[in-house]
Each structure stands twice: as C-alpha cells, then as structure tokens.
Amino acid sequence: MQHFSTAFDDLEKIEIECPDKLEIIALHDELIQKIKSAASAKAASEVLKEYFRISDTISTIFNLIYIRHTCDTRNKKYDELSSLVDEIGPEINVKSNEFIKALLASPFINDLEKEFGKYFFDLQKISLKTISNEIIPDLIEENKTVAEYVKLIAQSLIEFNGQKYTLSEMGKFTTSIDRETRKNASKAVWKFYADNDETIGDIYDRLVKIRTKIAKKLGYQNFLQLGYDRMRRLDWNPRDAEIYRRKVLEDIVPLSNKIFQQQKDRLGYKDDTKYYDYKVFYKTGNPLPCKDANGLIQAAEDMYKNLSPIASKYFDFMVKHNCMDVLSKPGKASGGYMTYIPDLKTAFIFSNFNGTSGDVDVLTHEFGHSLQGFLGADYMVPDYRSPGMECCEMHSMSMEFLTYPYMQNFFGKDTEKYLYSHTCDAITIIPYIVIVDAFQAYVYEHPDISHKERKAYWRQLEKTYLPHLTYEDNEFLASGGYWLKQSHIFEVPLYYLDYSIAQVVALEFFIESLKDQQKTFEKYINFCKLGGTLPFRSLLKAADIANPFDGDTLKEVASSIMKYLDSFDLNKIDS
C-alpha cells in the first residue's frame, strides 16, 4: 500500500496510486488472524495499533482522491478513482468490521479497554450494527446514486446575462442590491432545479428506498435509527431531536420572525417582500469583503497571528503547503468542507469563493474544523481525534464568532453590517436546519410517499418554522421544492441537525467572549484538544458548555442575542 511522508512541500503535487482492493483486504485478513492468535494483552495491543496505522493510510488515500475529485469532477482519472472508492469502500468496511468483531471477542478485551478506553469499544459496537456482507451491493448502489446528484449539481451551468455561471457563482447575482437583477438571477437558479425536478426527485426516491432496504436487512424498523447509528450518536436519539425541534419552535422562531420582520421594514417592500428579497439584508446592500481571495487569505494570516500563536502556526502551515482550494470554478463540486489527512498530518480546506460575505464565513468556519483536526491529531486512536459531527460543528461555528474582533480587516466600512447580519443569520438559520431534520425524519418514517408528497410536507414545515416565506410567483418553490438544493439531504442523511446544535453552542461561546475574549478562546482551544475522547453529553460537560437539549439553554441564548442585536443602530448601519 502507498506510503506517505509528513515532509511534503505542496499537497497538490502528491501523487496518488490506485488503491488495491485485494491488497487492502489481505492486510485485514492478516490482522484478523493476528488478533485471534494473540497470546497476550501486549500482543493484542500491538495488533490494534497496526490496525490504526493501516486505517490511517486507507483514509489518507481515500481523502486525497475525494479532494482531487471534488476540486474537478470532470477530471477523468479522479472520476474513475472516486467511482472505484465508491465500489470498494463498502467491502473494505465489512472487512474492517470482521476485524472489530474478532477484537471484541479477544480474551484480553478488558486489558484493551483499560489501555484504549471503553468509549472506543462502544463506538465499534454501534458501528458493527450498521454493516454486513448482505448489504454490500446496496451500499455500492447508494454511493453511486449519491454521486449522480453530486455530478449533476457540480457540472451545472446557469445561463445569465449572456454568460454561463456555476450555481455558486450565481450567488453574487442573487444577492445583488438591484432588485431586478436578484429577481432574475433567483429565477434562473430555481429554473435549473425546476427543470431537473423529476431527475433529482428520482435520485432521492431511489436513495430513500435503498436506505430503507438496507435498514430492513439489518433488522431496523426503518432508516431513521440506522441513520443515527451511522452517525454514531450514542447518547441522544430521534426522540431527543423531536423535543429539541419543539424547543426551537418555542424559543428561537419568535426571534427569527422578529429579525425577518425588521428586514422587511428595512427594505421597504412591506407586504410585497418576495423570497428573493431576503437574500439582501440591507437596503444599501449586503456587507461585502473589501479584499479579493488572496487578500482574504492574507487577512486571515494576520488575524491568527494576533489571535493565537497556536492558530497562527497551523493556518500558516496550510497556506505554505497549498492545503486550500477556495475559488469557485466550472466542474468543481458545490459547498465547502474540511477533511483531515492522517498520514500527512494536515487538514485541507475546500470552498467556493464567490465574492460575498460567505467567503469569510467559510474561511473561518473551515479553519475552525482544521484547527481542531491539528489539535486532536496526536491521539493514537483515530476515533478520539475528532468528536461526533454535532461537536465538530461547534469548533467551526464558534470560530466564526471568536474572530469578530478582527472583521475590520475583511470588511472595512462594512464591518458593522457584517457583525449584525452574521449574528442574525446565526439565529434565522436554526429554524431552517430544523426543517431539514424534521423533513428527513418524516421521509424515512414514510419511505413510500411520492416526490410530490415529500415536497408538500416540506412546504408545510416552511409555513410552521419560516412563515415569512411566500412564493406566489414561483410555482416550483410554492410546491415545496427548496430542499432539492440541500446537498446534505442526499449525501449525508440526518447529519444537518448537528449544525443547529452547534450553532447554539457557538452563540454560547460568543456571549462569553463579549465578557472576556482571551479567556473564552482558551476555553475553546481546550475544548478542541478534547477531540472525540467522550460522547456528546459528556464532552460538553467536560468542556463546561451548556447542552442545547437541556433546560432553558435555548431561551437564555435567544435572550442574550436579542440584547446584543438591540445594541446596534440600524439607521446608522443601513444608510
């Protein structure tokens, strides 16, 4: 299997060899025999450490292929390698699980739990529930079906004003201060989804049915609990999510509605405010970065030098070693992400800059992920390096707020505009996220409903959580089609709620930072260093963070944020 060195100069120049499925399976078979024949706890421990090393190398190869493919989905080599990973990944996972089963049957399991921690073994037990030899063809089919959606979105080009743009590049037009421009741009974007409504609906219908079939084969009632187990949520469940969604409706939606009403009043359209108008937060236009892409990277370098020597060290490393791809371009997959490459001991940031304030959001957000990746890298157990996704998103979203004192470097005269609108967005996004979660829970509990019925249920949820939205002049959105653009629904089922939970914690960090920035950042760094050594509830407790699920956390956060927002002079900002 390919070997890597941490002493690399440029991530983009690292050659990637085609992974050999037979070799990887043979390595696992060898590990299985070794763990079964281990004659002592020490011998079993060494086998497990070897398993960790092999897993890291496989992750490194697969992550590099994913990076290259998403950076250019039209590249034939990496398109083929990505398809190969989709095919062999499930078989490798099954082999990995065979090793874990043998490990759990070891007579030295108690000694291993003392050395590596019981939590590692609890995570393995829940993972074992989610895979078997019987479902390998279904997993391959699921991967390939997801890839259909990714390619369709990545390779789409929208004709607008005589030019062709990617969906991401259209963002600068849908947020234009000129109402006619953003109206026509929004219509062009949604026309793409309307034209592909049947295709995307079919892709999702197949995904729902594939995932339901997998769940049934594994003994689950439906995919909902399987989805939670895939996410390895050990100490919260669909019932907790349902209660949380209700709290959001009671404690967050009223503040969200107030923010939207103020926006309507500010824009001056009153009852004529349309869905595309909400893309513009101020009558004088949205805050815009005062620098181009290179300038934003330089501003971030300067910011982290002042904010934290630890953060500065790792951000500079990523810049120096070309561990970012931030510009939007044809053929590039949509969205943004961070992935950690274990054998290279580096993070990688992927995004699609389009000249909006979102460029700064994604830069700080994904570096929050990256910083935690670096700080958790020294744990031998891969599962301990990063926590579950609800906590991972806390690292990223909190970084967006903890960098507020430096936003002048990114926005210049628009700094106050950005601070106010970004905080408002942090509140108004929570109800939307809850819609995505409630939608998926309903769909997987009712897998046989039609595409039309799914859209109708989405629209029903919008009316409950985002009642300000009206779509009189857009039949596709009025029918409930907005969710077709939410890639998480297709690619990572039931993941999206994690953003909402994390957003609340990020706001907690922000509220604390207003009192003591340095102390709060130190608390944040210590939280990052905990990695994934504990499950969700225990991790928050160890980091002294109030759990969004519990008590009046949501209500208290909403109250504090309302006070912060009331401190702004909107007449001065929006003039």
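The values are calculated or read from the model by the stated rules, or taken from the named source; none is laboratory data. Treat the numbers as computed from the prediction; the structure is a model and nothing was measured. Note that each Cβ is placed from the backbone with ideal geometry, even for glycine, and that neighbours are counted across all protein chains shown. Only protein heavy atoms, including side chains, enter the accessible area calculation; ligands, DNA and RNA are left aside. Shrake-Rupley method; radii C 1.70, N 1.55, O 1.52, S 1.80 Å.
Just a few scattered comments:
- Surface share of carbon and sulfur [accessible, 1.4 angstrom probe, percent] for region 114-173: 49 percent
- Glu453/Glu491 FRET efficiency (R0 25 Å; Cβ-Cβ; nearest 0.05): 0.65
- Pairwise FRET efficiency - Asn133 versus Asp302, Cβ, R0 = 60 Å, nearest 0.05: 0.65
- C-alpha long axis of helix 553-566 to longest principal axis of the chain, angle in °: 40 degrees
- Euclidean distance of C-alpha centroids, region 207-224 and region 157-193, integer Å: 38 Å
- Looking at region 437-513, the accessible area is 33 square angstrom per residue; that uses a 1.4 Å probe and ignores ligands, DNA and RNA.
- Tilt relative to the chain, helix 253-267 - C-alpha long axis, 0 to 90 degrees, to 10: 40 degrees
- Ile427 sits among other residues whose Cβ lies under 11 Å from its own Cβ, and their net charge, with Lys and Arg +1 and Asp and Glu -1, is -1.
- Cα-projected label distance for Lys213 with His3, points at 7 Å along beta-carbon direction, nm: 4.3 nm
- Counting 0.36 nm for each residue step from Asp20 to Ser45 and taking away their Cα separation leaves a gain of 6.4 nm.
- Rel. contact order, % - alpha carbon contacts under 8 angstrom, at least six apart, the chain: 18 percent
- For Arg179, the solvent-accessible surface with a 1.4 Å probe is about 60 Å², rounded to the nearest 10.
- Ordering of 254-260, 161-167 by burial proxy (mean other Cβ atoms within 10 Å per residue, highest first): 254-260, 161-167
- Note on region 243-264 and region 285-310: Cα centroid distance 31 Å, given to the nearest whole angstrom.
- Peptides 353-361, 215-223, 18-26 ordered by packing proxy, namely the average of other Cβ atoms within 10 Å per residue, highest first: 353-361, 215-223, 18-26.
- Gyration tensor verdict on region 174-245 (Cα atoms; rounded if a/c is under 1.5, prolate if a/b is larger than b/c, oblate otherwise): oblate
- Two-site FRET efficiency, Lys270 against Asp195, from Cβ-Cβ distance with R₀ of 25 Å, rounded to 0.05: 0.20
- Annotation: for a label point projected 7 angstrom from Cα along Cα→Cβ of Gln261, residues of region 549-575 with backbone N closer than 17 Å are 559, 562-563, 565-566.
- Separation of alpha-carbon centers, region 477-550 and region 393-460, rounded to whole Å: 12 Å
- Highest mean first, the peptides 544-550, 229-235 sorted by other C-beta atoms within 10 Å per residue fall in the order 229-235, 544-550.
- Surrounding net charge for Glu159, when Lys and Arg each add one and Asp and Glu each subtract one, Cβ distance under 15 Å: +1
- Full-extension gain in nm, Lys101 to Lys36, via 0.36 nm per residue minus C-alpha separation: 22.4 nm
- Shape call, region 217-281: gyration tensor on alpha carbons, a/c limit 1.5: prolate
- Cα gyration tensor category, rounded, prolate or oblate, for region 99-160 with a/c compared to 1.5: prolate
- A crude spin-label estimate for the pair Glu445 and Gln221, with each label 7 Å from Cα along the Cβ direction, gives 0.9 nm.
- Here is how the number arises for the chain: DSSP H runs of 4 or more residues each give -39500 (n - 2.57), the sum is divided by the residue count, and the result at 222 nm is -20500 deg cm²/dmol.
- Net lengthening on full extension, Leu249/Glu80 (0.36 nm per residue, minus Cα-Cα): 56.3 nm
- In the chain, the longest principal axis of the Cα atoms and the axis of helix 358-375 are about 30 degrees apart.
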